[in-house]
Every structure is written in C-alpha cells, then in structure tokens.
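A short worksheet on the structure shown next.
The values are calculated or read from the model by the stated rules, or taken from the named source; none is laboratory data. Here the structure is a predicted model, which is why all the values come from computation and not from measurement. So basically every Cβ, Gly included, is an ideal-geometry build from the backbone, and we count neighbours across all protein chains shown. With ligands, DNA and RNA removed, areas are computed over all heavy atoms of the protein, side chains included. Shrake-Rupley method; radii C 1.70, N 1.55, O 1.52, S 1.80 Å.
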Amino acid sequence: GWLGFLGRWRYHLRHLIFAGSWGGCKGQMAETLSTRVEAAGGLRAPAQQNGDGGGEAKGERLPEHPEPTGPGVEPTPGGGQQASAAAPGSGKRKKRRGAAGERLVPPPKKRRAGVSFGDEHFAETSYYFEGGLRKVRPYYFDFRTYCKGRWVGHSLLHVFSTEFRAQPLAYYEAAVRAGRLHLNEEPVQDLSIVLKDNDFLRNTVHRHEPPVTAEPIRLLAENEDMVVVDKPSSIPVHPCGRFRHNTVIFILGKERQLKELHPLHRLDRLTSGVLMFAKTAAVSERIHEQVRDRQLEKEYVCRVEGEFPSKEVTCKEPILVVSYKVGVCRVDPRGKPCETVFQRLSYNGHSSVVRCRPLTGRTHQIRVHLQFLGHPILNDPIYNSVAWGPSRGQGGHIPKTDEELLRDLVAEHQAKQSLDVLDLCERDLSPGLTDSIATSSEMGKDSVKELAAAAQKMDGVVEAAPWDLDTMALAPGKAAETDVMNQETDPLCAECQLVRQDPLPQDLVMFLHALCYKGPGFEYFSPMPAWAQDDWRED
C-alpha cells in the first residue's frame, strides 16, 4: 500500500514541477522574444564610413587589421547603442526626447558592404613622379569613428591622453581652436566634454603618404568577373596604415577607372606578382569558397641566401605572430600549422632561385620558413636582419626575447630611415619599442595659439581641398598649382616639419614574386622578374 501511495505521490510531484518550469520558461521566452523584436525594430546597425571599411590585406580588416580606431587611426566604426525608455507593460518603445540643454546623439548610419571607394575618394589628391618613385601630394583627410564602449563616460581629453598619444595634448588643443575636431558634426569647443554612446568623432588631419615605386601596374587579364594585375613591389593592395592613394585599389580606380574591386587573396606590400580581384561580391564569395576548400594552387619564386638543397624540401613548422603592429612572425610550437614546398631552380655561386608552393596561407609564411631553413630571402628587410642574432633565426634559434627582437628591429630601421618597411612611422613608436623616440612631433604649449590662428586662416583650404585638387587635374595651371602648394603645408602638421630622404627605387624591391595562381577554370601567370633570371648578377 505504501509503495502504491509513494508511486502516485512521485508522479504528481513531477507533473507539478514540470508545469511550473514550463510556465516560467514560456514567460521568459516570450519576454526575450519581445525584447528582441523591439531591439530589431528600434535599433540600427553600427555604421562604417565609405572608403576605409573592411580589413587589411592580412585579413581584410581591410581590417583590418583588428586594428585600433579613432581620430588618429584608419576608421573601422563600431560602438554601442543608445538605450531608450519604455513604459511598463507597453509592447511599444517610446521615442526618447532629451531634456532641455541635453546633447542628443544621432543614430549610426548604415554601412556599405564591399569595397566602396568612389570618385569622391579618388579626387582627394593627385600623384606626381620623381626619381623613379610615385608620390602623393599631401592632402586633408577626415578620420572618423564612433565612440567605443570603453570611452563612454570619459572626456575627450582623457581619451586623447590615454589612447592617442602619437600627438601631444597641445596638438589637440590647437586642433580644437582651429576647428579640426568635430563631435556629432558640431565643432568641439572644449576637450573636457564627456563622451556618450554612439557619439561620432571626426578629426581633420594633414596626411602624408610614403612613396612607392613608379613602376606601372600591368593588366594581365580582365573579364566580366575578374581583374588580374601584375603588382609591383612596395605597393600595398588596399588602404592600410599610412597608405591610401599609393595602393593598388586607388591606382586602378584613378588611372584605369576600375572601381568596387574585391581582393581575392593577399600579397605583402613588398611582394610582387599575380594579384586577383573580383568585380562583384558574388564572384568574390565563390572564389573564397574555393580557397577554403583548398582548390587554389599558388606558386612563388624567390632568390635566397646561399646554396639551397637541390632536392625538394618541405617545411611544416608552425608560425606564431610576434607583433601584429610591427608585422613580425617566427616559428614557434604554439603557432598555427603551416606547410610550404620548396624546389631550387638555379644557383649562381652565391644565391639560389627557389620555387615555393605554400599549401597554407599564413602571414609571411614563405619568408619565415626560408629563414628557419637558413636561407632567408636575399634582401628581406625583416627576416634577413642582424636583429635576429648571429644565426639570423636559422633553426628557430633566436637568442633574445620577443620584446628585445622588436626593439632591435625597430632601432635598425629607424637608423636607416626605413620604418615604412615595418609599416611604422616615428609617431607609432613607444618606449616599449625603442628608447630613442623621435621628438620632431612634439609641440610646446606656447606655440598653440600661434599655430591655431594660422590653421584657422587655412580653414577654407581644408574644406575645399578635394575640389581644388580635382580642378587642378582637369585644368592644370599656375593658379591651381598655387592652391596645391598651399595644401601641401599645414601649420599643425608635424610631418610637414620633417625632411625625409627618398628611398632608392631598387630599395623598394624584395626578391619574392607571385608567379602563378591556378583554380577551377582559371590560371594566371606573371613574367619571371629580372632578379630570377639565370644571368642576373648582384651589384
């Protein structure tokens, strides 16, 4: 009898618990669903400004490269959402109205997918050629970003002093007085203003770009789906770091009217050779799916130190990124798996020409594996540097910490005035990277008023810069030339105060070339470079 009673009691207890739990779940699910529907109807996606969206060639950040953003960095807008108050028990959200004197924050604008550079971006400035180099005339540019979550509740003064230390606070104070800083499209009057969710920052700067080779970008093939070019060394694929107009994307858009291109693979800035673009997002996705399925075959050629083994060599050492900012990797057991197949093509008694087939696509994979094998690329400015120690990284032997390695690499290129090789400039340096920080960008407070006054006189030039430059391109003349000269100097620009020595064209070439890309239904070749020929001799 007791057993029967216990059995019935257990059954009813389970039923009550299940009913209670299900009722609670339904209530929570309904509440969550209602909240999500409200959020979907009332909130918009964060915006991304046209032109600099996406990631870098090392995983398009375009951005990448994730890189930090802000008034002094290439924009990758993000940011939080503005909360709204809703009446209790109401399924609808009420529009929030600011109290008297309260600053209202506009919602973010919608993002444009894909590569969205157009004529308004191409007209920002123009090229000129000098000493075998392609150069960009300095121009005014707006860095844009939405307020990051970690900035909310902090003043602009705090954000600039903690996250954007490339310039002294005196520079930002002068920029405020000159009307260069805008918050929600209103000029900033005081750096003590406190940031809120979705605040939109715009900082107008005078921008300088490093020179690249004047060698033209040759068209290898073009059809309704793709564009294939032979990329010269030293030119980045798309805007990143200090490069914007001196990139393949901008040069093709400005000189060949090829716009809205989608890069299909990555090439380092110093690497030359076959570079493919899709004309539409659909073609881009199809090719990237083939890349993920490893249906693409890549073949490179390089010239390396010493006599490379005559037999085929396969390197499977994992690669670890030491620094994303400096762009340095090394072999390390904690790295990602990699595989590269090498075959020597020729040897001239000092250096060897080697064919490389990377079976994976890690950053600097060919260069790092060749360094590990003891045959670094002959003129590789990073992986054939004395900063790696006496053995230059052969066998993974590096007799220093990562911090010491980065410091020594930066110091070496700073002494050679070749920081662009590391995609750095003096303003990027910090005490952790080098003990000798360039002081050319420092500015005393005594000169703030004088510089701000001079900059205010140039406000008309700042706003009219793109149009004047466009006019100059259409109708060259003395008046247009004078306008351009005015735009090439700026009283607040530290770069304008520097005198840089131009690199030699041959110093912009690294002996690594993308020879062939092959996939289902296509195969593209680039001519063998001069340094890979059998009769080539070193200077």
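Details
- Entries of LYS298/LYS336; LYS311/LYS400; LYS259/LYS336; LYS231/LYS298; LYS135/LYS279 with Cα pairs more than 23 Å apart: LYS311/LYS400; LYS259/LYS336; LYS135/LYS279
- The VAL341 and GLN501 beta-carbon pair, evaluated with R₀ = 56 Å, returns a calculated FRET efficiency of approximately 0.90.
- Solvent-accessible surface ranking, highest first, for TYR383, TYR524 at 1.4 angstrom: TYR524, TYR383
- Karplus-derived HN-Hα couplings along the range 241-248 (A = 6.51, B = -1.76, C = 1.60, θ = phi - 60°), whole Hz, x at Gly and Pro: x, 8, 9, 9, 6, 7, 9, 4
- Protein heavy-atom accessible surface, 1.4 Å probe, per residue over the range 303-392: 41 Å².
- Solvent-accessible area assigned to carbon and sulfur over the range 246-372 amounts to 46 percent, based on a 1.4 Å probe.
- Solvent-accessible area of CYS338, all protein chains in place: 10 Å² (probe radius 1.4 Å, heavy atoms, ligands and nucleic acids excluded).
- The distance linking the range 203-221 with the range 382-411 is 30 Å (Cα centroid to Cα centroid, whole angstrom).
- Rounded, prolate or oblate (a/c below 1.5 giving rounded, otherwise prolate when a/b exceeds b/c) for the range 148-248 by Cα gyration tensor: prolate
- Lys/Arg +1, Asp/Glu -1 at C-beta; the range 305-389 dipole; positive extreme among ILE366, CYS356, ILE319: ILE319
- Extension reserve of the GLU130-GLU224 stretch, reckoned as 0.36 nm per residue once the Cα distance is removed: 30.3 nm
- Estimated distance in nm for a label pair at ALA282 and ASP534, the labels positioned 7 Å out from Cα along Cα-to-Cβ: 4.8 nm
- Calculated FRET efficiency for the pair LYS400/GLU186, C-beta based, R₀ 35 Å, to 0.05: 0.10
- Each of THR314 and ARG150 was given a label point 7 Å from its Cα along the Cα-to-Cβ line. The distance between the two points is 4.3 nm.
- Cα gyration tensor, the range 290-417 - rounded (a/c under 1.5), prolate or oblate: oblate
- Residue by residue, the range 508-522 carries 3J(HN,Hα) couplings of 8, 10, 10, 7, 9, 9, 7, 7, 8, 10, 9, x, x, x, 8 Hz when phi is fed to the Karplus relation 6.51 cos²θ - 1.76 cosθ + 1.60 (θ = phi - 60°); x denotes Gly or Pro.
- Using the average count of surrounding beta-carbon atoms within 10 Å as a protection proxy, the listed peptides 300-310, 314-324 rank, highest first, as 300-310, 314-324.
- Remark: the Cα gyration tensor places the range 260-300 in the oblate category, a/c being 1.5 or greater and a/b not exceeding b/c.
- The mean accessible area for residues of the range 197-302, using a 1.4 Å probe and ignoring ligands and nucleic acids, is 35 Å² per residue.
- Per-residue 3J(HN,Hα) values for the range 381-393, derived from phi via the Karplus relation 6.51 cos²θ - 1.76 cosθ + 1.60 with θ = phi - 60°, read x, 9, 8, 10, 9, 5, 5, 7, x, x, 8, 6, x Hz in sequence order (x marks Gly and Pro).
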